[in-house]
């Protein structure tokens with residue numbers, strides 16, 4: 001409302017200035033032909049041009065403010081990485097980081113801020129070195145909440161928006177801490193534009209699913225979404241929810257795509273059904289990725305800690321089918337996030353110069369065309385929010 | 001002196017449910033899940049890299065706080081085979097600053113040695129009770145360990161020059177220099193964050209907060225200690241906004257010039273009247289009775305612009321004529337009639353030729 005008022009005031013000012021400018025031009029002509037006062041005529045002409053260009057600028061600002069009043073301007077897209085402790089949230093982010101700038105035929109540039117690029121470059125080195133020591137499935141744990149920032153804009157131009165990834169410790173979802181942290185987690189869900197749920201597939205599928213709740217917290221995540229996104233279902237607050245199976249090399253390399261997809265749908269049925277009420281403005285997709293390619297799940301070693309309680313230890317080995325560091329489909333979550341971001345910011349991107357807005361539209365098309373929707377991948381709802 | 005401190009450790013156990021959490025260690029009591037208040041307040045500093053090694057000192061009304069993260073352990077791994085780490089938080093009274101500074105000095109000079117010693121004090125838990133933290137630690141043992149670094153040095157307060165906040169690249173040399181400084185001087189008395197030794201924290205963010213005394217970060221480019229908060233001199237401020245100042249001065253100059261011209265015009269020049277526009281019949285310059293110099297020039301120049309041989313050029317001539325008229329008018333006003341008669345006669349001669 002305030003923006004609309006400002007826009008109207010600016011528009012009126014522009015009209016007044018245009019009228020003054022016209023008067024000034026007439027005055028200038030009178031000075032030349034009637035009074036023959038040339039200096040005065042030149043001064044008045046300069047004033048008239050100044051008035052005219054000010055009026056023109058005011059008009060442009062007024063139009064922009066009017067258009068902006070129809071949406072809330074966003075300077076950043078917030079992406080939250082969710083998942084239990086050790087499922088591989090940071091590995092997922094690192095795998096996506098590697099894909100920044102690698103997706104072909106994009107007009108967009110990505111600039112990580114200095115701390116983001118240093119931290120993720122180190123994580124990438126660590127991830128790549130895991131091929132040599134496959135017994136560990138993920139990177140060093142994330143102990144504190146952390147933020148990674150990327151600036152996104154067309155080649156050689158100023159960034160249009162920031163992509164902010166928030167990696168929060170999986171420990172927040174643990175029973176001992178959830179009571180303290182529940183508001184943090186719910187706020188994360190409410191406040192995010194995109195939520196990426198990392199799912200540890202061996203924990204979900206192996207050992208008859210014994211560890212799926214302990215590690216993936218599927219039921220807890222379903223409940224948290226029901227609390228966090230309750231308001232979103234009734235209003236047009238658009239969101240992207242990605243279910244990203246990780247450490248799924250074993251299943252995908254064995255062709256168990258359908259089994260993997262079905263397991264995710266079953267375990268997160270509560271979440272999927274809940275979000276099903278908002279098909280028009282919440283996109284949900286299953287996007288399995290292979291962060292290493294050359295490492296597959298091997299077995300779970302159970303260690304006794306007394307009184308019948310055991311501690312699992314997930315073991316990994318080199319893949320018989322894929323050699324070395326060969327990540328696969330790690331661009332897919334990024335394609336979803338970027339295509340969704342462009343869709344979400346469409347109105348403000350349209351206010352950019354035509355060349356820039358056209359570049360973004362082209363990129364959205366390129367990103368969308370590369371999104372997979374079969375062989376374990378599925379856009380469950382809200383495909384319209386990814387389309388150009 | 002009876003040394004008392006609040007001690008907190010953040011670490012994890014082997015089981016998936018024994019995640020990283022803060023535990024307060026108290027004398028003769030089991031560990032209590034409790035996050036120190038000053039660390040809760042750190043959540044707003046999400047730019048501060050706490051995943052790698054971080055050493056932070058904070059002074060507030062509750063005392064002096066030391067926070068150390070990313071201390072490696074030996075032989076403790078989680079269910080994914082990842083090494084478990086220890087984070088340490090100690091709060092002391094201000095009068096026990098020296099003990100804290102001795103520990104900080106040891107950490108800066110030989111971190112591996114200190115973290116190995118702490119690892120020996122924080123052992124993996126053997127309890128099957130998964131509500132327990134997954135490790136054990138004893139208050140008295142940790143206090144004794146902290147005191148073992150005490151050197152009983154006498155420190156003096158930093159002078160004005162030393163009190164200035166400084167930042168440098170996080171190198172071994174600079175860490176040693178900081179440790180040496182802390183052996184000779186006490187911390188500044190102001191409250192707030194005082195010292196940070198960190199890996200991937202952007203130096204720009206430190207500037208946004210006051211009172212940092214010494215900062216070392218891997219992302220700082222300067223290998224030497226530089227002032228964190230550069231002094232704002234008047235010349236610096238002027239230089240910073242040079243473009244704006246030039247713009248304002250130019251605008252003022254133009255305004256003054258135009259106003260000046262206007263004043264001169266009102267005082268010394270009576271504009272030619274509109275009905276004095278010449279007709280084609282007026283080919284001869286009218287006689288100048290009262291030799292008002294400007295009037296003479298005006299009359300003469302108008303005779304040029306109505307040249308009957310080339311009527312198409314009238315407008316162009318008029319423009320040139322008026323402009324030259326204006327210039328001559330300025331000259332004539334400044335010379336107060338002195339040379340005007342000569343100029344007029346010269347122009348008349350030119351016309352006759």
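Where a number appears in this text, it was derived from the coordinates with a stated rule and is not lab data. Given the structure is predicted, the values throughout are model-derived calculations rather than measurements. For neighbour counting, all protein chains shown are included, and Cβ atoms are generated from backbone atoms with ideal geometry for every residue, glycine included.
Here the Debye sum runs over all C-alpha atoms of the range B:6-227 as equal scatterers in vacuum, and log10 of I(q)/I(0) at q = 0.11, 0.15, 0.18, 0.19 Å⁻¹ comes out as -0.54, -1.00, -1.41, -1.54. Only helices enter this figure: runs of n ≥ 4 DSSP H residues, each worth -39500 (n - 2.57), summed and divided by the residues of chain A, yield -14500 deg cm²/dmol at 222 nm to the nearest 500. Computed over chain A with a Gaussian network model linking Cα atoms closer than 10 Å, the most mobile of A:320, A:141, A:333 is A:320.
For peptide A:174-181, how many partner chain Cβ atoms fall within 10 Å of a residue's Cβ, on average?
4
Counting only Cα atoms, the size of the range A:303-388 along its three principal axes is 67, 34, 22 Å, in decreasing order. Across the range A:105-237, counting alpha-carbon atoms alone, Rg and Dmax equal 17.8, 53 Å. Three principal axis extents describe the C-alpha atoms of the range A:242-336; from largest down they are 48, 41, 21 Å.
In angstrom, the C-alpha Rg and Dmax of the range A:96-148 are 13.4, 40.
Both radii were evaluated on the Cα set of chain A; the Rg over Rh quotient, with Rh as the Kirkwood radius, amounts to 1.15.
Between A:42, A:221, A:349, which gets the highest mean-square fluctuation from a Gaussian network model of chain A, Cα cutoff 10 Å? So, out of A:42, A:221, A:349, the one fluctuating most is A:42.
Report the Rg/Rh value for the range B:19-58, based on alpha-carbon coordinates and the Kirkwood definition of Rh.
Rg/Rh: 1.02.
When all alpha carbon pairs of the range A:213-259 are counted in 10 Å bins from zero, the resulting P(r) reads 20, 36, 28, 15, 1 %. Residue by residue along B:5-16, Cβ atoms of other protein chains within 10 Å of the local Cβ number 3 on average. Taking chain A as a Gaussian network of alpha-carbon nodes connected by springs under 10 Å, the highest mean-square fluctuation of the residues A:65, A:214, A:291 belongs to A:65.
At 1.306 mPa s and 10 °C, plugging the Kirkwood radius over alpha-carbon pairs of the range A:169-287 into Stokes-Einstein gives what diffusion coefficient in µm²/s? Walk me through the numbers before you get to the answer.
Numbers: Rh = 14.9 Å.
Estimated diffusion coefficient is 106 µm²/s.
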